[in-house]
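Heads up, the thing below is written out as structure tokens.
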Amino acid sequence: MKVIHGLIAGAFALGAMGGAASAADYTFKVGHAASSTHAFNTGVEMFAEAVAEKTGGKVAIEVFGDRQLGDDKQLLEGVQLGTIDGALVSSPIFPLAAGAAAFDALQLPFVVPSYDALSAALSGPVGQKLLDSLDAKGMKGLSFYEAGQRHFLSREKPVKTLADFEGLKTRIVPIPLHKATWEAVGTNPVGMPYGEVYSGLETGVIDAVEINLSSVESENLFQNAKEVTLTGHYFWPGVLVWNKAKFDALPEDIQAALVEAGKETIAKQYAFVKEDEARVAKALQEKGVTINELEDLEAMRAKTAPVVEEWSGKDPIIGEFIETVRKGS
């Protein structure tokens, strides 16, 4: 399966390169902060291929992973300033760096029941409302691509019960929602840039990280922490954004191609990540990682339920998102 996964990623890369090699009228650079072997990269390559097809090769999109154009915060700022054409940025960064509070909807603990429910919501009206809300922030929202359901990775002791979380120095994105969630669970949340997680686990600056399995694999975090607990507390969509002024300056047919490619590839990329998660879990086990179940998952849900209740009223789109995914479950 690993070879197949590589071939799939390679096929998207070749498609994008082929577009770049032709006499494209427009060439854009799109960055993301994950590894070039990560699911985020696959999503942007899907987008690049779809745009090339829809424009007959008039548009070539060059994909820059591995934080080549910066980390999530730098990418978001670069898009807003226009120094970067486009970027796929983890959704928690939008409340943190752009004041886009509605995007907290995407990390509410235990609200989204499945990949399919989230894909459907993000492909529908509430997903479009989230994207459209970025217009006022100097960005054109185009799509959502998934990194995978979030679980828990610890350095030393396995986490099998709610009590095992107590006091663990756990890396989070430093936003109020994540802080409230992980304090409710009982950990000691530590704000830390994504690029520092590997060294943080290696040196013991942190004991654990809440993270998706695809990042444990692609960032080699399994080298420093080998205890995974399957909690599935929330998902991790990335948001594909474009500089609004640059987007508005494009011909209408090119604008339409970018919008259509973004919308049409959401379900395709979500299906890929859903299927690939089993491969990743098996690959991690082969590297010595232990996959644990949380014995009292319902207790964790109960601990975080007040956080969901508090955040549901912070933005009208958050309430609409909760209602949408719960209806679709």
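Residue-level analysis places Lys244 outside the set of residues that are out of contact with any Lys or Arg (no Cβ under 7 Å at 6 or more places or on another chain), among the basic types (Lys, Arg), surrounded by 14 or more Cβ atoms within 10 Å (Cβ to Cβ) and assigned by TED's automatic domain parsing to the domain that holds Ser90. Please work out if Ile211 is in a loop (DSSP other than H, G, I, E, B), of a type outside the set (Ser, Thr, Tyr) and not assigned by TED's automatic domain parsing to the domain that holds Leu122. For Ile211, the condition - in a loop (DSSP other than H, G, I, E, B), of a type outside the set (Ser, Thr, Tyr) and not assigned by TED's automatic domain parsing to the domain that holds Leu122 - is not met.
Among the conditions (1) of a type in the set (A, V, I, L, M, F, W, C); (2) touching a Leu at 6+ places or on another chain (Cβ under 9 Å); (3) more than 23 Å from Pro109 (Cα to Cα), the only one that Val205 does not satisfy is (2). Filtered by the rule that a residue be surrounded by 22 or more Cβ atoms within 10 Å (Cβ to Cβ), farther than 23 Å from Thr42 by Cα and of a type in the set (A, V, I, L, M, F, W, C), the stretch 193-240 gives Leu201, Ile206, Ala208, Val209, Ala225, Val228. Considering the stretch 293-329, the residues that are among the polar types (S, T, N, Q) and out of contact with any Gly (no Cβ under 6 Å at 6 or more places or on another chain) include one that is modelled with the lowest pLDDT, namely Ser329.
Looking at Gly200, is it part of a loop (DSSP other than H, G, I, E, B) and not charged (D, E, K, R)? Let's see the steps before the verdict.
Details: part of a loop (DSSP other than H, G, I, E, B): no; not charged (D, E, K, R): yes.
Criteria not met by Gly200.
The requirement of being in contact with a strand residue (DSSP E or B) (Cβ under 7 Å, 6 or more places away or on another chain), among the β-branched types (Val, Ile, Thr) and in a helix (DSSP H, G or I) is not satisfied by Val241.
The set of residues in the stretch 38-65 that are more than 14 Å from the chain's Cα centre (by Cα) and not in a helix (DSSP H, G or I) comprises Thr55, Gly56, Gly57, Lys58, Val59, Ala60, Ile61, Glu62, Val63, Phe64.
The values are calculated or read from the model by the stated rules, or taken from the named source; none is laboratory data. This is a predicted model, so every value here is computed, not measured. Heads up, the Cβs are rebuilt from the backbone with ideal geometry, glycines too, and the neighbour counts pull from every protein chain shown.
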